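Notes follow once the structure below has been shown.
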Amino acid sequence: MSPMPASDQGVSPDRYHLIPRVLIFITRRREALLLKGAPTKRIWAGKYNGVGGHVERGEDFLSAARREIAEETGLTVAEVRLRGLVNINTGQPTGIGILIFTALAPEGEAVSGAEGALEWIPFERILELDLVEDLPTLLPKVLAMGDDDPPFFGHYSYDAGGRLRIVFAEG
């Protein structure tokens, strides 16, 4: 079977588009490395999140995850695994597609940067923190996954009051 040419991919302005992003949760023993957003950040200032960002043109998703880890933490990691895919309906013609990964950092010191302060947080303390809105639901799900668990699929949307609604696909 030959690959479909770019002209046949069905890209048009009236179709739903996704902006691809990666989100990575780095662990060491029973701790997760979380980024407390810098007070100057436009979004999630002072809130805890994993590391990650946009996928660049010409970059595959795994390379994007590894690049974001290097840029935001300076750590050398192992066992980068895809854990889930989440489609975020923003209410606009363009949504967000997040590929969620985990990685192990057996050693080394994380180096905080302009994005915020990196902190190793014991698993049992994570839910005590001021987390980004979806993390109280998402992060326990990710951290409970076994090595051989298949990726999960989720959909986020917002109700009329602007509250986040999280649904994970079953089976």
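All of the numbers you see were taken from the coordinates with simple rules; none came from a lab. Remember, it's a predicted structure, so these values are computed and weren't measured experimentally. When we count neighbours, we look across all protein chains shown, and the Cβ atoms used for this are built from the backbone with ideal geometry, even at glycine.
Miscellaneous remarks
- The residues on offer are Thr137, Thr90, Thr102, and the sole one that is within 14 Å of Val51 (Cα to Cα) and of a type in the set (S, T, N, Q) is Thr102.
- Within the range 58-94, the set of residues being among the hydrophobic types (A, V, I, L, M, F, W, C) and within 28 Å of Glu109 (Cβ to Cβ) comprises Phe61, Leu62, Ala64, Ala65, Ile69, Ala70, Leu75, Val77, Ala78, Val80, Leu82.
- Residue pairs meeting the criteria (Cβ under 6 Å; at least 6 apart or on separate chains; first small (Gly, Ala, Ser), in the range 17-33; second part of a strand (DSSP E or B)): Ala32/Phe25; Ala32/Ile121
Okay, residues lined up against (1) closer than 22 Å to Val80 by Cα; (2) out of contact with any Pro (no Cβ under 7 Å at 6 or more places or on another chain):
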site	(1), (2)
Ser12	no, yes
Pro20	yes, yes
Leu23	yes, yes
Thr27	yes, yes
Glu31	yes, no
Leu35	yes, yes
Pro39	no, yes
Tyr48	yes, yes
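- Residue, nearest to Leu135 (Cα to Cα), within the range 49-67, restricted to residues that are in contact with a strand residue (DSSP E or B) (Cβ under 6 Å, 6 or more places away or on another chain) and of a type outside the set (A, V, I, L, M, F, W, C): Asn49
- Only strands (runs of 3 or more DSSP E) whose full extent lies in the range 55-171 are considered here, and the ones with at least 1 residues that are more than 20 Å from Lys41 (Cβ to Cβ) and in contact with a helix residue (DSSP H, G or I) (Cβ under 9 Å, 6 or more places away or on another chain) are 78-88, 94-104, 152-158, 164-168.
- Number of positions in the range 122-138 that are within 17 Å of the chain's Cα centre (by Cα) and of a type outside the set (Asp, Glu): 7
- Scanning the range 98-128 for residues that are touching a residue at least 40 places away in the same chain (Cβ under 8 Å), touching a Leu at 6+ places or on another chain (Cβ under 7 Å) and farther than 16 Å from Glu68 by Cα yields Glu119, Trp120, Ile121, Phe123, Ile126.
- Residues in the range 42-54 that are surrounded by 13 or more Cβ atoms within 10 Å (Cβ to Cβ) and assigned to a loop (DSSP other than H, G, I, E, B): 3 in all.
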